[in-house]
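Below: one structure, written as structure tokens.
No value in this document is a laboratory result; all are computed from the given coordinates. Remember, predicted model here, so these are calculated numbers, not experimental data. Cβ placement follows ideal geometry from the backbone for every residue including glycine, while neighbour counts extend to all protein chains displayed.
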Amino acid sequence: MSNTPVAVIVGLKYCGGCKPDYDRVALVEEIRRRLGDEAIWVRADDPTAELILAVHGCLTACADLESCQAKPIVAVTGPEAAEAFVCHVQTLKR
């Protein structure tokens, strides 16, 4: 039996992008790069998702998360919160 941790399955949900304060897609790409094989990325409505990364373009944080309520949701409204998300996933892997 291997002690290698299994990747966390992350459901990704973007807001509508009506007035983003930063490049949401670039930020997610950076998160993906940093996490590498520690995370598997799926749509937010994928039943295999273990947690949801809600990427909001501004502090209004208006993405519709109604279909995601049964799972833990981590909201990102800017680059600072992205760092916290990376650390959170890495902690789950320990």
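Counting only residues that are surrounded by fewer than 16 Cβ atoms within 10 Å (Cβ to Cβ) and within 22 Å of Glu30 (Cβ to Cβ), how many does segment 61-72 have?
Final tally of qualifying residues: 2.
Looking at the structure I just gave you, is Leu35 in contact (Cβ under 8 Å) with a residue 24 or more places away in the chain, outside any helix (DSSP H, G or I) and crowded, with 16+ Cβ neighbours inside 10 Å?
Details: in contact (Cβ under 8 Å) with a residue 24 or more places away in the chain: yes; outside any helix (DSSP H, G or I): no; crowded, with 16+ Cβ neighbours inside 10 Å: yes.
Here the answer is no, as Leu35 does not meet what is asked.
Quick one: what pairs do we get from segment 67-91, first residue in contact (Cβ under 8 Å) with a residue 60 or more places away in the chain, second in a strand (DSSP E or B) and among the hydrophobic types (A, V, I, L, M, F, W, C), C-beta under 8 Å, 6+ apart or different chains?
Lys71/Leu51; Lys71/Ile52; Val89/Val8; Val89/Val10; Val89/Ala39
When Ala7 is evaluated against the numbered criteria (1) more than 13 Å from the chain's Cα centre (by Cα); (2) among the aliphatic types (A, V, I, L, M); (3) crowded, with 18+ Cβ neighbours inside 10 Å, which criterion, by number, is the only one it fails?
Here Ala7 clears every test but (3).
Only residues that are under 22 Å from Val6 (Cβ atoms) and surrounded by 14 or more Cβ atoms within 10 Å (Cβ to Cβ): list them for segment 73-91, please.
Residues satisfying the conditions are Ile73, Val74, Phe85, Val86, His88, Val89, Gln90.
Select, from Ala75, Ala63, Ala54, the only residue that is over 15 Å from Val10 (Cα atoms), among the hydrophobic types (A, V, I, L, M, F, W, C) and in contact with a strand residue (DSSP E or B) (Cβ under 7 Å, 6 or more places away or on another chain).
Selected residue: Ala63, the only one of Ala75, Ala63, Ala54 that is over 15 Å from Val10 (Cα atoms), among the hydrophobic types (A, V, I, L, M, F, W, C) and in contact with a strand residue (DSSP E or B) (Cβ under 7 Å, 6 or more places away or on another chain).
What are the residues in segment 59-76 that are assigned to a loop (DSSP other than H, G, I, E, B) and closer than 23 Å to Asp46 by Cβ, if any?
Ala61, Cys62, Ala63, Asp64, Leu65, Gln69, Ala70, Lys71, Pro72
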